[in-house]
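The block underneath contains the structure these notes are about, expressed in structure tokens.
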Amino acid sequence: MLKVVNRLNPASKALAFAACLAVVTACTPIYKNHGYMPPPEDLAEIKVGVDTRDTVLESVGAPSSSGVVRDSGFYYVRSRIRHYGPKKPEVVSRELLAISFDDRGVVRNIERFGLEDGIVVPLDRRITESTIQGQGLIRQLLGNIGNFNPANIPGASQQ
């Protein structure tokens, strides 16, 4: 009877270990944090009806964004996104802190919203939509052949 013994040399063992490590790490979720949320101890220092825009900036820092209208509010947004392999990234937590001010610039209200409260806070990405849909590069180039007008060239004499 013939006995076959399978022995791996050290280079093969290292390669097998690296392959196993790659498989394990590929299945590990990666979390990315975006934005800034003031710590609760700094928020506790803000007094509604007493503090102003300047004192809020001193105690909790600059907001992620502020309202378009001058006397609206400060908004602090923090998101945590999970990336897991080839799947679409998933927002696992999002918090929004809104500090509103009255006409005199005094804190009127402090509100906190988040996914855990059942309130979805969508962040709008303003991306310009392309008007060219379903057309390849060659079709776009060939579509412009008849649209050339030498009079539209800057610096060309118009006689």
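The values are calculated or read from the model by the stated rules, or taken from the named source; none is laboratory data. Since this is a predicted model, take the numbers as computed values, not measurements. All Cβ positions, even for glycine, are placed from backbone atoms using ideal geometry, and neighbour counts span all protein chains on display.
Selection of segment 33-55 for residues being under 24 Å from the mean Cα position of the chain (by Cα) and surrounded by fewer than 13 Cβ atoms within 10 Å (Cβ to Cβ) yields Asn33, Pro39, Pro40. All conditions in (1) exposed (fewer than 10 other Cβ atoms within 10 Å of the Cβ); (2) at pLDDT below 90; (3) of a type in the set (Val, Ile, Thr) hold for Ile30, with the sole exception of (1). For segment 136-152, taking the residues that are in a loop (DSSP other than H, G, I, E, B) and more than 41 Å from the chain's Cα centre (by Cα), the one that is modelled with the lowest pLDDT is identified as Phe148. The set of residues in segment 101-135 that are farther than 22 Å from Asp42 by Cα, exposed (fewer than 12 other Cβ atoms within 10 Å of the Cβ) and modelled with pLDDT of 75 or more comprises Asp103, Arg104. Entry remark, segment 1-19: residues being modelled with pLDDT of 65 or more and not aliphatic (A, V, I, L, M) number 5 in total. Residues of segment 88-100 that are within 18 Å of Asp42 (Cα to Cα) and of a type outside the set (A, V, I, L, M): Glu95, Ser100.
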